[in-house]
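Below is one structure; the comments refer to it alone.
The values are calculated or read from the model by the stated rules, or taken from the named source; none is laboratory data. All figures in this text were calculated on a predicted structure; none of them were measured in a lab. Here the Cβ positions follow ideal geometry from the backbone for every residue, glycine too, while neighbour counts run over all protein chains shown. Keep in mind that these areas ignore ligands, DNA and RNA; they rest on the heavy atoms of the full protein, side chains included. Shrake-Rupley method; radii C 1.70, N 1.55, O 1.52, S 1.80 Å.
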Amino acid sequence: MSEIFVPREEIENQLSLADGLCGGKEKNVCILTFGCQQNEADSEILSGICERMGYGETDDPKNADLILINTCAIREHAELKALSRTGQFKKLKEQNRELLIGICGCMAEQKERREAVIKSYPYVDFVFGTDKLYMLPTIIKNALNAKKRRVYISEKPHNEFGIIAEGLPLRRNSDFKAKVSIMYGCDNFCTYCVVPYVRGRERSRCSADVLSEVESLVKNGYKDIMLLGQNVNSYKGDISFPELLRRCGSMDGEYFLRFMTSHPKDASRELVEVIRDVPNVAKQFHLPVQSGNNRVLSAMNRRYTREKYLEKAMEIKALVPDVTMTTDIICGFPTETEAEFLETVDIIKQVEFDMIFTFLYSPRPGTPAANMEDQIPHEEKVRRFELLSSVQNDIADKLNDKYIGKTVRVLCETNENGKCSGRTTGNKIVNFDGNARVGQFANVEITAAAAYILRGKETNQ
Ligand code: SAM
Ligand code: SF4
């Protein structure tokens, strides 16, 4: 397994190259992040390396000396958004020839997309793939010196590539919420999904590295920590995922420990028991179902049935009192009939999720589903999406009503003159009146509820 780790000397070489790369000049980086939490976590590493090079951080591209666009390829919409932002930087580059612009992330890993970007945006200085973050100092040095456009992509084919770079600096976006990647890549090859092609094969960090990162976060006052992986149940460090979760959740102090995402085919009872038994492990379970119909699930290569999913979801609800259950659904997977779609509506009613994340199916070039006959028209996907949303809104409304009159523990995220907002262990948003400090816990009595927001007031109880 050791060959997946970037050698320590290579990381040290990069970091010593980073030191003082800006030569003491005041410079700023603007990092634009599209897509999922994994990309957000990667951007925090990019920002940390930039800090080491001497770059401050700005949200405003106009004030930047370096713009990094961290792209997402999961749906066409995400790609178009990143490209449209890139298009806006042409003027900036004309006004400031010294400005460096780089594109990275999942889009950079797709050959056709990468080539199209290079052709259509001649002012982009460099492109680098998801495996090349640790090389940022070399990439920037080359761009500053050679002024030649370059592409940094793993030479290995996508069915092999995958590395882990430990020991890179991080500049976190928050001082009380943190994301910790525990594994990278995916081996599941759901037929609609581009992730296995752009993130490579599954590889796991050592538990000691994860545990020491979580320990340091807890010591430094972080209160909401999310363990990240495309399928955390496949974590293959030296201990199992439930054991890793148990140890990460058993450190001194009060905090919420969350994880994302768990594949239904291998969510174990042991995992559910850890959620139930370890107080710091958040009482929340995101279990993406994608469809409620067995033929569609099989065409998606999800490797579970509707019946197995229902059994698992009900087990979680029975074992963990007041657990928040959420899911992902794809609307309009190719060949999905109306009757099959109605089985998805039915499964939502049966499980009674607190929230569903619904996506219109987006054909991803190179994935099997993109070549299936009987693609569903856009308007039909939207109709199904709207029906699902309206069914779900009623369910969420009903579920949240049961909080009225209860007192819940809330991690305060904002406080504007006594108008506070935060989240519960189940990740429910609570708006409340009080004096809570941002990044600290408060007890809140719930006085009103809507589908996706609880309201209340702070109480000493
Ligand atoms: N690994 C996670 C899992 O298996 O649930 C999902 C990661 S993916 C970034 C998040 C969600 O995007 C998926 O659960 C799926 O619902 C959605 N998704 C993936 N590919 C899609 C596509 N081609 N079109 C629409 N939605 C898609
Ligand atoms: Fe994509 Fe499926 Fe892997 Fe999730 S499990 S990242 S949906 S291939």
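Brief remarks follow.
- Condition broken by Val180, with the remaining ones in (1) away from ligand 2 (no atom under 16 Å from the Cβ); (2) open to solvent by 10 Å² or more (accessible area, probe 1.4 Å) satisfied: (2)
- Only one entry of Leu17, Leu21 meets the criterion of being more than 16 Å from ligand 1 (Cβ to nearest atom), in a helix (DSSP H, G or I) and under 18 Å from Asn142 (Cα atoms), and that entry is Leu17.
- Val289 being within 12 Å of ligand 2 (Cβ to nearest atom) and β-branched (Val, Ile, Thr): yes
- Selected residue (only one of Arg97, Arg113 is within 16 Å of ligand 1 (Cβ to nearest atom), of a type in the set (Lys, Arg) and open to solvent by 10 Å² or more (accessible area, probe 1.4 Å)): Arg113
- Which numbered condition Ala370 misses (of (1) more than 12 Å from ligand 1 (Cβ to nearest atom); (2) over 23 Å from Arg306 (Cβ atoms)): (1)
- Hey, Leu92 at negative phi, surrounded by fewer than 20 Cβ atoms within 10 Å (Cβ to Cβ) and in contact with a Lys or Arg (Cβ under 6 Å, 6 or more places away or on another chain) or not: no
- Matching residues in the range 44-57 - criterion: being within 22 Å of the chain's Cα centre (by Cα) and either open to solvent by less than 10 Å² (accessible area, probe 1.4 Å) or more than 23 Å from Gln230 (Cβ to Cβ) (or both): Glu44, Leu46, Ser47, Gly48, Ile49, Cys50, Glu57
- No other residue among Arg303, Arg364 is among the charged types (D, E, K, R), over 24 Å from Ser389 (Cβ atoms), in a loop (DSSP other than H, G, I, E, B) and out of contact with any strand residue (DSSP E or B) (no Cβ under 8 Å at 6 or more places or on another chain) apart from Arg303.
- Filtering the range 66-84 to residues that are open to solvent by less than 70 Å² (accessible area, probe 1.4 Å) and out of contact with any Phe, Trp or Tyr (no Cβ under 7 Å at 6 or more places or on another chain) leaves Leu68, Ile69, Ala73, Ile74, Glu79, Leu83, Ser84.
- For the range 277-293, residues that are over 12 Å from Glu336 (Cβ atoms) and either assigned to a loop (DSSP other than H, G, I, E, B) or open to solvent by 20 Å² or more (accessible area, probe 1.4 Å) (or both) total 10.
- Flag if Asp328 is modelled with pLDDT of 95 or more and within 16 Å of ligand 1 (Cβ to nearest atom): yes
- Leading residue by the ranking (modelled with the highest pLDDT) among those in the range 130-162 that are under 16 Å from Arg203 (Cα atoms) and open to solvent by 40 Å² or more (accessible area, probe 1.4 Å): Lys156
- Helices (runs of 4 or more DSSP H) fully within the range 34-119 that include at least 1 residues being under 30 Å from Thr261 (Cα atoms): 37-53, 76-87.
- Check on Ile356, open to solvent by 10 Å² or more (accessible area, probe 1.4 Å), in contact with a Leu (Cβ under 8 Å, 6 or more places away or on another chain), within 11 Å of ligand 1 (Cβ to nearest atom) and in a strand (DSSP E or B): yes
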